[in-house]
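Everything on this sheet refers to the single structure shown next.
The values are calculated or read from the model by the stated rules, or taken from the named source; none is laboratory data. The structure presented is a predicted model; accordingly, all values stated were derived computationally and were not measured. Backbone-built Cβ (ideal geometry, glycine too); neighbour counts: all protein chains shown.
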Amino acid sequence: MATNWLGKIRCAVMLTFDVDGVSSRLHSNPNFAKFPSLMSMLEFGPSVATPRILELLDSYDIKGSFFIPGYIVETHEELVQKIVSHGHELGHHGYMHEPPSTMDKQQEEDVLDQGIEILKQITGHAPKGYRSPSFELSEHSLSLLASRDFLYDSSLMGDDSPYTLDAGSKQLVEIPVHWSLDDGAYWNFIPAENHRFPPMSPEFVYNAWSEAFLEIYERGGAFCGYRRSWYRSGRRHGPTESRSYHRHYEQHGSNFQNRPQNHRYGYPFCPAAAFLPALQTQSPK
Ligand SMILES: [Zn+2]
């Protein structure tokens with residue numbers, strides 16, 4: 001039985017993308033700049049895969065959320081302008097993909113403010129959403145986000161539907177993630193880092209995501225998919241994204257239409273920030 005916590009919306013689907021490019025590996029080991037093959041695989045994300053993903057989202061008229069480190073925004077400004085002009089949400093994802101758990105409080109504040117300023121220059125306003133690099137918040141993160149008027153975080157795994165968190169004197173919405181909905185868990189094959197697990201087949205991954213979606217759909221709730229475009233999701237030999245949208249849209253599209261006519265978006269796939277008004281008035285917890 002659906003919990004119906006979003007009013008007449010039975011199931012919300014948020015498609016979220018982290019456009020990390022070279023930032024995460026250069027942050028963890030600046031020596032990786034001397035590994036051209038690794039750098040090319042990472043650069044494939046913003047240069048090739050993300051434009052493809054934008055095309056795919058456009059073809060279904062789906063709006064998503066893109067979390068992008070400040071360094072990648074600075075070095076791929078045209079791409080980021082395109083993401084915004086196509087109606088997608090831009091979220092904070094550090095400057096050089098620094099996990100907050102690895103920084104002291106002052107460093108974390110500096111990185112937070114730096115990223116906010118960079119995103120502001122593109123969109124004209126401060127970001128509403130934050131996703132911590134590597135899903136690793138620090139003990140200070142939630143209160144720092146609240147103090148800078150973020151409305152939601154998307155880094156924790158405390159439920160499989162959005163929930164609220166106390167963050168000092170304010171509350172934040174948590175839009176939860178899980179490694180099983182992360183393409184990195186299936187395709188993280190990086191010899192330079194000694195990650196040599198055999199990549200899973202697109203069919204295996206499709207089935208895992210499909211089962212997760214169907215369970216949430218049946219019970220009512222929100223499905224938050226999470227992709228990093230430099231993995232297989234954006235490559236021609238990993239067409240999981242395209243097939244997922246097509247199959248589920250065909251099978252469930254008519255049910256998704258039971259939404260209030262005045263809902264801000266005409267489709268069930270929405271940027272994460274689109275759900276905040278509903279979440280703030282009717283938390284599932
Ligand atoms: Zn990331």
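Take residue 146 and decide whether it is aliphatic (A, V, I, L, M), out of contact with any strand residue (DSSP E or B) (no Cβ under 6 Å at 6 or more places or on another chain) and either in a loop (DSSP other than H, G, I, E, B) or within 23 Å of residue 224 (Cα to Cα) (or both). No.
Of all residues in segment 128-140, exactly one satisfies the criterion of being more than 16 Å from the ligand (Cβ to nearest atom) and closer than 20 Å to residue 85 by Cα, namely 128.
Conditions (1) more than 14 Å from the ligand (Cβ to nearest atom); (2) charged (D, E, K, R); (3) within 17 Å of the chain's Cα centre (by Cα); (4) on the phi > 0 side of the Ramachandran plot, marked per residue:
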site	(1), (2), (3), (4)
53	yes, no, yes, no
70	no, no, yes, no
77	yes, yes, no, no
87	yes, no, yes, yes
93	no, no, yes, no
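Each residue in segment 18-65 was checked for being surrounded by 15 or more Cβ atoms within 10 Å (Cβ to Cβ), more than 19 Å from residue 76 (Cα to Cα) and at pLDDT 90 or above, and 3 pass. With respect to (1) under 23 Å from residue 183 (Cβ atoms); (2) within 16 Å of the ligand (Cβ to nearest atom), the lone exception for residue 118 is condition (1).
Taking the numbered list (1) in contact (Cβ under 8 Å) with a residue 40 or more places away in the chain; (2) charged (D, E, K, R); (3) away from the ligand (no atom under 15 Å from the Cβ) in turn, residue 18 passes all entries but (3). Here residue 90 passes the criteria (1) surrounded by fewer than 19 Cβ atoms within 10 Å (Cβ to Cβ); (2) in a strand (DSSP E or B) except the one numbered (1).
Answer yes if at least one residue in segment 100-116 is among the acidic types (Asp, Glu), in a loop (DSSP other than H, G, I, E, B) and closer than 14 Å to residue 18 by Cβ, and no otherwise.
no
Against the list (1) surrounded by fewer than 18 Cβ atoms within 10 Å (Cβ to Cβ); (2) touching a residue at least 12 places away in the same chain (Cβ under 8 Å); (3) under 30 Å from residue 37 (Cα atoms), the condition residue 109 fails is (3).
For residue 165, are the conditions met, namely being more than 19 Å from residue 18 (Cβ to Cβ) and either surrounded by fewer than 17 Cβ atoms within 10 Å (Cβ to Cβ) or touching a strand residue (DSSP E or B) at 6+ places or on another chain (Cβ under 9 Å) (or both)?
Against the criterion (more than 19 Å from residue 18 (Cβ to Cβ) and either surrounded by fewer than 17 Cβ atoms within 10 Å (Cβ to Cβ) or touching a strand residue (DSSP E or B) at 6+ places or on another chain (Cβ under 9 Å) (or both)), residue 165 qualifies.
Here residue 76 does not qualify as at pLDDT 95 or above and in contact with an Asp or Glu (Cβ under 7 Å, 6 or more places away or on another chain).
Condition test on residue 253, is it modelled with pLDDT under 80 and touching a strand residue (DSSP E or B) at 6+ places or on another chain (Cβ under 9 Å)? No: the conditions fail for residue 253.
Here residue 125 passes the criteria (1) within 16 Å of the ligand (Cβ to nearest atom); (2) in a loop (DSSP other than H, G, I, E, B); (3) not basic (Lys, Arg) except the one numbered (1). Say whether the condition of being more than 21 Å from the chain's Cα centre (by Cα) and loosely packed, with under 14 Cβ neighbours inside 10 Å is met by at least one residue in segment 174-183. No. Does residue 99 qualify as being within 15 Å of the ligand (Cβ to nearest atom), in contact (Cβ under 8 Å) with a residue 60 or more places away in the chain and either acidic (Asp, Glu) or more than 13 Å from residue 54 (Cβ to Cβ) (or both)? Judged against the criteria, residue 99 is not a match.
Residues that are touching a strand residue (DSSP E or B) at 6+ places or on another chain (Cβ under 7 Å), at pLDDT 95 or above and among the aliphatic types (A, V, I, L, M) within segment 113-134 comprise 116, 119, listed in sequence order.
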